[in-house]
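Enquirer: Please see the structure below; I have some questions.
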Amino acid sequence: MIEAKDVSLKYQEGTLALQNVNLEIKPGELVFITGPSGSGKTSLLKLIMGMEYPTSGSLKVFGQPMTKRRGRRIRRLRKKVGPVFQEFQLIEGRTAIENVMIGMRFLGKTPRKMKEDAKNALTRVGLIHKAKSMVENLSWGEAQRVAIARAVARKPALILADEPTGNLDHDNALNILALLTSFRDQNTAVIITTHATHLIENYENATFIHVDKGNITVERREQTK
Amino acid sequence: MKTFFYNLGYFLSEAVKTIRYNLLSNFFSVVGTGLILFLLGMVAIGWAVGDQLITMLSEEAEISAYFDENTDTDKAMKLVNQVKTMEGVWDARLIGEEEAQARMEETLGEEAQILELFEENPFEAFIEIRIHLESMDAVLENVVNLNGIDYVRDNRAVLDQLKGITEGLKLLGYLIIAAVGITTLIIIAHMIRQGIYNNKDQINTLRLLGAPSSFIGFPFVLVGLLLTLFGGILAVALLIPLINQGYIQLGGSMPFIPLPPKEELINNTGILILTVSILLGFLGSLFGLSSIRKVSN
């Protein structure tokens, strides 16, 4: 699903965010990307989302080469991705359910189906009772759950969550990780970036990518019986 | 296409939200656009009345061809038939001396007594030739060269002057239309740009979710259409009482000015203004939408 060969990313101002990254992520995988702030975790997510393009090497997402020349096609690939942004990027002045539906409006679903899927997603994240609340009136944790509902309602092949535990206390952070990883199945891969490694140390059957100063190390942890 | 229909309600509600977000500015652009379209409506009315006047005068464009005194009626009728076959002539008639005198008496009214001073009828018979205005030069040349025609009199100077005035008015109208079009496009494009700027976070989110540009841009096209349509409706609402009042005033004081039927004028002007407003709104939105590319990702 994602295949990187010797991928480097250098920003225009000269910062080398990633260098010679080699990795492969298969459908249905659970991947944690860890590393300190500014290590290159978000840069890796940006490459996968087509928000940045490799300055060297080759990156394919869903079999599609990620190059600037193919920008328009890459934007179409985003329909297969369910992103949970660090700042959520919910649309203010709209209700929770409207925000969830907005992610599905250009996927060819009927209004009835969109509403049904949005309600199911909000139920799944435990926020159906807030469906008609304006998002600016929700707490941080609730807004994050709406963002997760928006991502999963699209039934994506890949869920990308950027620092979902960043502003949460220990228990809530564990709950959010549990919620996000629960959406993993044989068709849906989940990639989560976090700098809080202590929260994920008990996860098994997952891939751990550690990023430090643009270099990565990959560890696959199998399930123990 | 089905995505478009599934989301019609969403597009409309987004457009209304965008308008409400900057309500005062949008209100002023509707008023501004309305007044500009009102000006366009005035030009259209002027053209309609001018066209009616020109059509009437064109139909009355005529030249008088005189033949020498020795020409008898048969010869004169032959000349009439020859003239009738000329291109640009739609009617030719022989006016006898008596009819010429009667016409003059009618024209002079009470002053016709002056004609009694003449011992004999001072008027000559002539051929009255009704022509298409645009063919006047060619017809004149052909009639003058006709064997048996002594001289020709025409009302060309008056018609040329009228033609000049109406052509000047048309040119002025075109300039006003160009100014109306450009100003409306600028206003609408500016409002769309402002709407895009105000919604840049939302646009960015939609892009990251994979929304196509057409999906992101359509509510802004709707905003442009709605703003100019409201402006068009305002312009029509201002024009209707003006037309009604104009017909009352002109009909009373200047009944000789040929006016097109009032209902027809109102309907045609209304349809024109609303069509132009929709077109300008659509084009202005497309210009404004070019700035959507500047929103990242």
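Enquirer: Can you tell me how many residues within the range A:22-64 are in a helix (DSSP H, G or I) and β-branched (Val, Ile, Thr)?
Expert: Residues of the range A:22-64 that are in a helix (DSSP H, G or I), as a first pass: A:41-49.
From the residues that got through so far, the ones that are β-branched (Val, Ile, Thr) too are A:42, A:48.
Result for the range A:22-64: 2.
Enquirer: OK, next. Restricting to the range A:107-122, name every residue that is away from chain B (no Cβ under 13 Å) and over 20 Å from the mean Cα position of the chain (by Cα).
Expert: A:116, A:119, listed by residue number.
Enquirer: Any residue that is basic (Lys, Arg), at the interface with chain B (Cβ under 9 Å from one of its Cβ atoms) and surrounded by 20 or more Cβ atoms within 10 Å (Cβ to Cβ) - is there at least one of those in the range A:130-147? Break it down stepwise before answering.
Expert: We begin by selecting, within the range A:130-147, every residue basic (Lys, Arg); these are A:130, A:132, A:145.
Checking which are at the interface with chain B (Cβ under 9 Å from one of its Cβ atoms) leaves us with none.
No: zero hits.
Enquirer: Identify all residues within the range B:108-140 that are over 33 Å from the mean Cα position of the chain (by Cα) and more than 24 Å from residue B:72 (Cβ to Cβ); write none if there are none. Let's see the steps before the verdict.
Expert: Here is the first cut: in the range B:108-140, the ones over 33 Å from the mean Cα position of the chain (by Cα) are B:108-127.
Those that are over 33 Å from the mean Cα position of the chain (by Cα) and more than 24 Å from residue B:72 (Cβ to Cβ): B:108, B:109, B:110, B:111, B:112, B:113, B:114, B:115, B:116, B:117.
Enquirer: For the range B:141-175, give me the residue count where each residue is closer than 30 Å to residue B:77 by Cα, among the β-branched types (Val, Ile, Thr) and under 33 Å from the mean Cα position of the chain (by Cα).
Expert: Number of matching residues: 1.
Enquirer: Which condition breaks for residue B:92 when tested against (1) in contact with an Asp or Glu (Cβ under 6 Å, 6 or more places away or on another chain); (2) under 16 Å from residue B:152 (Cα atoms)?
Expert: Among (1) in contact with an Asp or Glu (Cβ under 6 Å, 6 or more places away or on another chain); (2) under 16 Å from residue B:152 (Cα atoms), the lone unmet condition for residue B:92 is (1).
Enquirer: If you don't mind, another one. So residue A:212 ticks every box in (1) surrounded by fewer than 20 Cβ atoms within 10 Å (Cβ to Cβ); (2) among the acidic types (Asp, Glu); (3) modelled with pLDDT of 90 or more but one. Which box is left unticked?
Expert: (3)
Enquirer: Filtering the range B:1-26 down to residues that are in contact (Cβ under 8 Å) with a residue 24 or more places away in the chain and of a type in the set (Gly, Ala, Ser), which residue is nearest to the other protein chains (Cβ to nearest Cβ)?
Expert: The qualifying residue nearest to the other protein chains (Cβ to nearest Cβ) is B:15.
For every residue, the table says whether it meets (1) at the interface with chain B (Cβ under 7 Å from one of its Cβ atoms); (2) crowded, with 23+ Cβ neighbours inside 10 Å; (3) within 16 Å of the chain's Cα centre (by Cα); (4) not in a helix (DSSP H, G or I).
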{"site": "A:69", "(1), (2), (3), (4)": "no, no, no, no"}
{"site": "A:72", "(1), (2), (3), (4)": "no, no, no, no"}
{"site": "A:76", "(1), (2), (3), (4)": "yes, no, no, no"}
{"site": "A:79", "(1), (2), (3), (4)": "yes, no, yes, no"}
{"site": "A:86", "(1), (2), (3), (4)": "no, no, yes, yes"}
{"site": "A:92", "(1), (2), (3), (4)": "no, no, no, yes"}
{"site": "A:99", "(1), (2), (3), (4)": "no, yes, no, no"}
{"site": "A:105", "(1), (2), (3), (4)": "yes, no, no, yes"}
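Enquirer: I need the full set of residues from the range B:183-202 which are surrounded by 20 or more Cβ atoms within 10 Å (Cβ to Cβ) and either more than 7 Å from chain A (Cβ to nearest Cβ) or within 44 Å of the chain's Cα centre (by Cα) (or both), in order please.
Expert: Within the range B:183-202, the subset surrounded by 20 or more Cβ atoms within 10 Å (Cβ to Cβ) is B:184-185, B:187-189, B:191-192, B:195-196, B:199, B:202.
Within the range B:183-202, B:184, B:185, B:187, B:188, B:189, B:191, B:192, B:195, B:196, B:199 meet the criteria.
Enquirer: Take residue B:77 and decide whether it is within 26 Å of the chain's Cα centre (by Cα) and not assigned by TED's automatic domain parsing to the domain that holds residue B:48.
Expert: Values: within 26 Å of the chain's Cα centre (by Cα): no; not assigned by TED's automatic domain parsing to the domain that holds residue B:48: yes.
Spelling it out, it is not the case that residue B:77 is within 26 Å of the chain's Cα centre (by Cα) and not assigned by TED's automatic domain parsing to the domain that holds residue B:48.
Enquirer: Right, here's the next one. Within the group B:280, B:239, B:209, B:227, which residue is crowded, with 22+ Cβ neighbours inside 10 Å and within 14 Å of chain A (Cβ to nearest Cβ)? I'd like the intermediate steps shown before the answer.
Expert: Values: B:280 fails: within 14 Å of chain A (Cβ to nearest Cβ); B:239 fails: within 14 Å of chain A (Cβ to nearest Cβ); B:227 fails: within 14 Å of chain A (Cβ to nearest Cβ).
Among B:280, B:239, B:209, B:227, only B:209 is crowded, with 22+ Cβ neighbours inside 10 Å and within 14 Å of chain A (Cβ to nearest Cβ).
Enquirer: Do you know which of the residues in the range B:40-98 that are of a type in the set (Gly, Ala, Ser) and assigned to a loop (DSSP other than H, G, I, E, B) is nearest to residue B:154 (Cα to Cα)? Steps first, answer last, please.
Expert: Keep residues of the range B:40-98 that are of a type in the set (Gly, Ala, Ser), which gives B:41, B:44, B:46, B:48, B:50, B:58, B:61, B:64-65, B:76, B:88, B:92, B:96.
Right, trim to assigned to a loop (DSSP other than H, G, I, E, B) and you get B:61, B:88, B:96.
Numbers: B:61: 9, B:88: 15, B:96: 18 Å.
Taking the candidates together, the pick is B:61.
Enquirer: Here's another thing I want to ask about it. Working only within the range B:92-119, note down all residues that are exposed (fewer than 12 other Cβ atoms within 10 Å of the Cβ) and not polar (S, T, N, Q). Lay out the reasoning, then the answer.
Expert: Of all residues in the range B:92-119, those exposed (fewer than 12 other Cβ atoms within 10 Å of the Cβ) come to B:98, B:106-107, B:109-111, B:113-114, B:116-119.
If the condition is that a residue be exposed (fewer than 12 other Cβ atoms within 10 Å of the Cβ) and not polar (S, T, N, Q), then B:98, B:106, B:109, B:110, B:111, B:114, B:116, B:117, B:118, B:119 are the ones that fit.
Enquirer: Quick check: is even one residue across the range B:131-140 of a type outside the set (Lys, Arg) and either at pLDDT 90 or above or outside any helix (DSSP H, G or I) (or both)? Please lay out each step first, then the result.
Expert: Kept after step one, since they are of a type outside the set (Lys, Arg), are these residues of the range B:131-140: B:131-140.
Narrowing the set further to residues that are either at pLDDT 90 or above or outside any helix (DSSP H, G or I) (or both) leaves B:131-132.
There is at least one residue in the range B:131-140 that is of a type outside the set (Lys, Arg) and either at pLDDT 90 or above or outside any helix (DSSP H, G or I) (or both).
Enquirer: Just the residues that are surrounded by fewer than 16 Cβ atoms within 10 Å (Cβ to Cβ) and within 14 Å of chain B (Cβ to nearest Cβ), please, taken from the range A:12-61.
Expert: So in the range A:12-61, the residues surrounded by fewer than 16 Cβ atoms within 10 Å (Cβ to Cβ) come out as A:12-16, A:20, A:22, A:24, A:26-28, A:36-38, A:55-56, A:58, A:60.
Scanning the range A:12-61 gives a single hit, A:12.
The values are calculated or read from the model by the stated rules, or taken from the named source; none is laboratory data. All of these numbers come straight from a predicted model, not from anything done at the bench. Heads up, the Cβs are rebuilt from the backbone with ideal geometry, glycines too, and the neighbour counts pull from every protein chain shown.
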